[in-house]
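This report refers to the structure that appears directly beneath it.
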Amino acid sequence: MSDDKELLTVHIAVDIPTGALQGIVPNIKAVVGKNAKGHYQVNAADAVGNIIGKFLHEHDFVTYAADPAHNTRLM
């Protein structure tokens, strides 16, 4: 796995199953809890981005992306 310390934030559209989002939102709400007014102050998009980033890191996206077999006919 790559140990790159330089990271680049890329804003993209990603198709994920609705079930994934339904699993993420309750979990992040439980982690952050409610504020004094009883509201959750969490950005679901940021949470999804963080989870996807963690997944890509743990599953060695650098090596996967460098393999020409995974880059053919993507567009």
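If Lys29 passes every condition in (1) touching a strand residue (DSSP E or B) at 6+ places or on another chain (Cβ under 6 Å); (2) surrounded by fewer than 11 Cβ atoms within 10 Å (Cβ to Cβ) but one, which one does it miss?
Lys29 satisfies every listed condition except (2).
In the stretch 5-21, which residues are modelled with pLDDT under 90 and more than 12 Å from the chain's Cα centre (by Cα)?
Those that are modelled with pLDDT under 90 and more than 12 Å from the chain's Cα centre (by Cα): Lys5, Glu6, Leu7, Leu8.
Among what's in the stretch 32-75 and is in contact (Cβ under 8 Å) with a residue 24 or more places away in the chain and of a type in the set (A, V, I, L, M, F, W, C), pick the residue that is farthest from Lys5 (Cα to Cα).
Within the stretch 32-75, the match that is farthest from Lys5 (Cα to Cα) is Val48.
I'm checking my understanding of the structure. Among residues of the stretch 32-75 that are farther than 22 Å from Ala13 by Cβ, loosely packed, with under 11 Cβ neighbours inside 10 Å and among the small types (Gly, Ala, Ser), which one is modelled with the lowest pLDDT?
Step one: of the stretch 32-75, the residues farther than 22 Å from Ala13 by Cβ are 32-41, 58, 60, 63, 66-69.
From the residues that got through so far, the ones that are loosely packed, with under 11 Cβ neighbours inside 10 Å too are 33-39, 41, 58, 67-69.
Okay, now just the ones that are also among the small types (Gly, Ala, Ser), so 33, 36, 38, 69.
Details: Gly33: 92, Ala36: 93, Gly38: 93, Ala69: 87.
In this case the residue turns out to be Ala69.
The values are calculated or read from the model by the stated rules, or taken from the named source; none is laboratory data. None of these values were measured; they are calculated from a predicted model. Backbone-built Cβ (ideal geometry, glycine too); neighbour counts: all protein chains shown.
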